[in-house]
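Participant: Before we start, here is the structure in question, set down as structure tokens.
What follows is calculated from the coordinates using simple rules that are stated; it is not laboratory data. Predicted model, so just to flag it, every value in this text is computed and none were measured. Here the Cβ positions follow ideal geometry from the backbone for every residue, glycine too, while neighbour counts run over all protein chains shown.
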Amino acid sequence: MIFNFQNIVKAVLFALLCLVLPGRGMAQGDTLVTAQVREQRVVSPLKATMIAAAFPGLGQVYNRKYWKIPLVYAGFGAVGYSIVFNTSNFNSYLKGYQDLTDEIPETNSYIKLLGKSTYTPGQIDQALGSDEFDAQVSSWVEDQLRNAIDYYRRYRDLSYIGVAVWYLITIIDAHVDANLADYDVGESLRMEIEPVPVNTPAGNGMGLGVKLTF
């Protein structure tokens, strides 16, 4: 008995299609077809928004988007770290500037801010009464400290704004997810896998084609 290779390929493809799309080739009266009615969960956008506003991350829990919860708190962690970092540096440089410009010799927290600078406290702190005091150098150091104070104050304030912005983003995300929870694409969007003829140098054959309908 002689088997046609193309017929074998067609049979295999047909069997494969039956496995991939089991509901397409069955008649309506086929007893093997069973209707499954799934209870659709009702998601309220208003409730999701209110819960998300009450506590960050709860909106994502309500929407069952659990994978977003680490992202929510990672964002808050990032801006929180920025607040701590910039606030700490702002306080250090502010204290250093105050110690440098006051008339109390014992206040010298600015020394640790000089780093590897070649300037000595006697050159920049007039309160020490040192003969090596240099008014020009002292003025330059004061300017650098003021610039650092302004820099860290600016980014500290932006970090606080970042907390509010990220908080708002998490609420908007929960609201949008809740609105899209029951979005139905219907029959307008579907994918079908079907056999298609393929021309090859060895001759005609069959292949699988994917058809997207929008």
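Participant: Calculate the FRET efficiency for residue 106 and residue 151 from the Cβ-Cβ distance with a Förster distance of 22 Å, rounded to the nearest 0.05.
Facilitator: Details: r = 28 Å, r/R0 = 1.26.
According to the calculation, E is roughly 0.20.
Participant: Expressed in nm to one decimal, what extension gain is obtained for the pair residue 140 and residue 98 from 0.36 nm per residue of sequence separation less their Cα-Cα distance? All intermediate terms of the calculation are to be shown ahead of the outcome.
Facilitator: Details: separation 42, 0.36 × 42 = 15.12 nm, distance 1.50 nm.
The span from residue 140 to residue 98 would gain 13.6 nm if fully extended.
Participant: Need the C-alpha centroid separation for region 120-154 versus region 76-102, integer Å.
Facilitator: A separation of 18 Å, based on Cα centres.
Participant: Sticking with this structure for a sec: Would you pull out the residues with amide H under 5 Å of residue 196's amide H, same chain only if 5 or more places away, H placed 1.01 Å from N?
Facilitator: 207, 208, 209
Participant: Would you calculate the separation in nanometres between label points at residue 47 and residue 114, each defined as 7 Å from the Cα along the Cα-to-beta-carbon direction?
Facilitator: 6.6 nm
Participant: Let me ask something else about it. GluC sites (Glu not before Pro), restricted to region 71-152: which are DSSP loop and have at most 15 other Cβ atoms within 10 Å?
Facilitator: Passing sites in region 71-152 are 103, 106, 132.
Participant: Of the trypsin sites (Lys or Arg not before Pro) in region 114-161, which ones lie in a loop per DSSP and count no more than 16 other C-beta atoms within 10 Å? Show your work: numbers first, answer last.
Facilitator: Working: sites: 116, 146, 153, 154, 156; in loops: 116.
When the trypsin sites (Lys or Arg not before Pro) of region 114-161 are filtered for loop state and at most 16 Cβ neighbours within 10 Å, 116 remain.
Participant: Cut-off is 10 Å between beta-carbons; in what order do 168, 46 appear when sorted fewest neighbours first? Please list the in-between numbers first.
Facilitator: Numbers: 168 12, 46 9.
Fewest to most other Cβ atoms nearby, the residues stand as 46, 168.
Participant: Over all pairs of distinct alpha carbons, what does the Kirkwood formula give as the hydrodynamic radius of region 45-180, in Å? Working shown, then result.
Facilitator: Details: mean 1/r = 0.0560 Å⁻¹.
It is 17.8 Å.
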